[in-house]
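Participant: Below are the structure tokens for one structure; questions will follow.
The values are calculated or read from the model by the stated rules, or taken from the named source; none is laboratory data. Note that the structure is predicted; figures quoted are calculated from it, not measured. All Cβ positions, glycine included, derive from the backbone under ideal geometry; neighbour counts span all protein chains shown. When the accessible area is computed, the model is the full protein with side chains, heavy atoms only, and any ligands, DNA or RNA have been set aside. Shrake-Rupley method; radii C 1.70, N 1.55, O 1.52, S 1.80 Å.
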Amino acid sequence: MCVRRCVITVGDLGEFGVVNRITARLPQGEAVILGPGDDAAMISAPDGRVVVSTDLLLEGRHFRRDWSGGYDVGRKAAAQNLADVAAMGATPTSIVVGLGVPSDLPLDWLDALTDGFRDECATVGASVAGGDVTRCDLMVIGVTALGDLGGRAPVLRSGARPGQVVAVAGRLGYAAAGWALLESGVPVDSGPLAEAVAGHRRPCPPYEMGPLAAELGAAAMLDVSDGLLQDLGHIAEASGVRVELDPEAFTVAEPVAAAAKELGADPLEWVLAGGEDHALAAVFPAEVRLPREWRVVGRIVEGEGVLVYGREIGPRGWDHFR
């Protein structure tokens, strides 16, 4: 008889028990020809080309279990990879996941993580098609996402040309504001501050805007993962152009503004330099009529680098080696 509450862990279940538990929670979509159970999965590729992206998340570096539950971590891990696929103009079809987890990880945390992967994939009709799991003292999550271009040309970072416009789809500043609130220890229960924290825990990429941008003739595009200024710098460098941003074109959302007021911070700093919102930034010909989801925030001119407020800004944003 347990005097205290008995917590069943992954160590109690063992490797194959854990694998069976995970796969039982993962339905497979139409793109999956062969799912978990063999040495490798098989995914259909109607276009004949496959878009592939992969990322690692390390506990303590990219997420904290005292800040985020398993479900949010699963959705965040899937989202950042699915957004990369969408940023190429492709439709995500599936992900495969590698997990390194401590043996004392509670099974309900693992279940929630699995459900997060599944549900984030479901928002774009994708599936968790397979993966691997092993014991690791530090929790490590590796996700590889696959996508189909549907006959479209991939949208690269190198296609921007002078005379074109820069536009953004999705949210900016939420993740940085939420991280700052959690780091500060300010009590957050509800309202706009809670929305900002939720934005850090679970981004909301505008997946459908990626393929739509490709259909509209986007010349360049990327996922805003490390901060808008830094990521647009990649387009500027790859295309050999200068990006000029209009600060008046950016709207600061209420949760971001509320967090900035609470912490005495500049909300535009989070909008321009904060990462992990996984918005999409793209460059379009000036004559293209963009849907309301795409907000024009700047232009492409001759030169190099990224300018805002009429002056050049050095590298600002997330650096994985700092």
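Participant: Just read off the accessible area of residue 204 with the full protein assembly in place, 1.4 Å probe, to the nearest 10 Å².
Facilitator: Answer for residue 204: close to 70 Å² accessible.
Participant: Please list, in order along region 124-138, the HN-Hα scalar couplings obtained from phi with the Karplus expression 6.51 cos²θ - 1.76 cosθ + 1.60 (θ = phi - 60°), rounded to whole Hz, x for Gly and Pro.
Facilitator: 10, x, 9, 9, 8, 8, x, x, 8, 9, 8, 7, 7, 5, 9
Participant: Note the angle between two axes, namely the Cα long axis of helix 191-201 and the longest principal axis of the Cα atoms of the chain, as a number of degrees from 0 to 90, rounded to the nearest 10.
Facilitator: Approximately 70 degrees, to the nearest 10.
Participant: Over what distance in Å are the Cα centres of region 6-49 and region 242-311 separated?
Facilitator: 39 Å
Participant: So what is the orientation-averaged projected area of region 159-249, using the convex hull of its C-alpha atoms, in nm²?
Facilitator: 7.2 nm²
Participant: Among 211, 285, 106, which one shows the highest mean-square fluctuation when the chain is modelled as a Gaussian network with alpha-carbon springs under 10 Å?
Facilitator: 106
Participant: Here is a follow-up. What shape does region 260-306 have by the C-alpha gyration tensor, where a ≥ b ≥ c are the square roots of the eigenvalues, rounded means a/c under 1.5, and otherwise prolate means a/b greater than b/c and oblate the rest?
Facilitator: prolate
Participant: Give the accessible area for residue 179 in Å² (nearest 10); use a 1.4 Å probe, count only protein heavy atoms, and leave out ligands, DNA and RNA.
Facilitator: 120 Å²
Participant: With an 8 Å Cα cut-off and a minimum separation of 6 or more residues, compute the relative contact order for region 185-281 in percent.
Facilitator: It rounds to 49 percent for region 185-281.
Participant: Still on this structure, I have one more. Within 10 Å, count the other beta carbons around each residue, average over each peptide in 286-292, 247-253, and list them highest first.
Facilitator: In decreasing order of mean packing, 286-292, 247-253 become 247-253, 286-292.
Participant: Karplus couplings for region 53-70 from phi (6.51 cos²θ - 1.76 cosθ + 1.60, θ = phi - 60°), rounded to Hz, Gly and Pro as x?
Facilitator: Using θ = phi - 60°, the values come out as 9, 9, 8, 10, 10, 10, 4, x, 9, 10, 7, 10, 5, 7, 9, 9, x, x Hz.
Participant: Using only Cα atoms, tell me the angle between helix 228-239 and the longest principal axis of the chain; keep it within 0 to 90° and round to the nearest 10.
Facilitator: 70 degrees
Participant: For the chain, what does the relative contact order come out to in percent, with C-alpha contacts under 8 Å and a separation of six or more?
Facilitator: It comes to 21 percent, rounded to a whole number.
Participant: Okay, next question. Would you mind working out the magnitude of the charge dipole of the chain relative to its Cα centre, with +1 at each Lys and Arg C-beta and -1 at each Asp and Glu C-beta, to the nearest 20 Debye?
Facilitator: For this selection, approximately 140 debye.
Participant: Just from the alpha-carbon atoms, what are the Rg and Dmax of the chain in angstroms?
Facilitator: Rg and Dmax of the chain, Cα atoms, are 20.5, 74 Å.
Participant: Each residue of region 176-184 in order: what ³J(HN,Hα) in whole Hz does its phi give by Karplus 6.51 cos²θ - 1.76 cosθ + 1.60, θ = phi - 60°, with x for Gly and Pro?
Facilitator: Coupling constants for region 176-184: 5, 5, x, 4, 5, 5, 5, 5, 6 Hz.
Participant: What percentage of the solvent-accessible surface of the chain, computed with a 1.4 Å probe over protein heavy atoms, is contributed by carbon and sulfur atoms?
Facilitator: Percent of accessible area from carbon and sulfur atoms in the chain: 51.
Participant: Over region 1-129, what is the mean sequence separation of C-alpha contacts under 8 Å (at least six apart), divided by residue count, expressed as relative contact order in percent?
Facilitator: 38 percent
Participant: With a 10 Å radius around each residue's Cβ, average the other Cβ atoms per peptide and rank 122-134, 7-19, 183-195, highest first.
Facilitator: 122-134, 7-19, 183-195
Participant: Mind running the shape call on region 5-81? Use the C-alpha gyration tensor, a ≥ b ≥ c as the square roots of the eigenvalues: rounded below 1.5 for a/c, prolate if a/b tops b/c, oblate otherwise.
Facilitator: Here region 5-81 falls in the oblate category.
Participant: Here's a follow-up. Output the 0 to 90 degree angle, nearest 10, between the alpha-carbon long axis of helix 254-263 and the longest principal axis computed from the alpha carbons of the chain.
Facilitator: Once rounded, the angle reads 80 degrees.
Participant: Follow-up question, since we're still on this one. Under the rule of -39500 (n - 2.57) per DSSP H run of 4 or more residues, summed and divided by the residues of the chain, what mean residue ellipticity at 222 nm is obtained, to the nearest 500 deg cm²/dmol?
Facilitator: Calculated at 222 nm, the ellipticity per residue is -9500 deg cm²/dmol.
Participant: For the chain, what is the accessible area per residue in Å², given a 1.4 Å probe and the full set of protein chains?
Facilitator: Result: 47 Å² per residue.
Participant: Another question about this same structure. Quick check on the chain: of the DSSP beta bridges with both residues there, what percent are antiparallel, nearest 5%?
Facilitator: 75 percent
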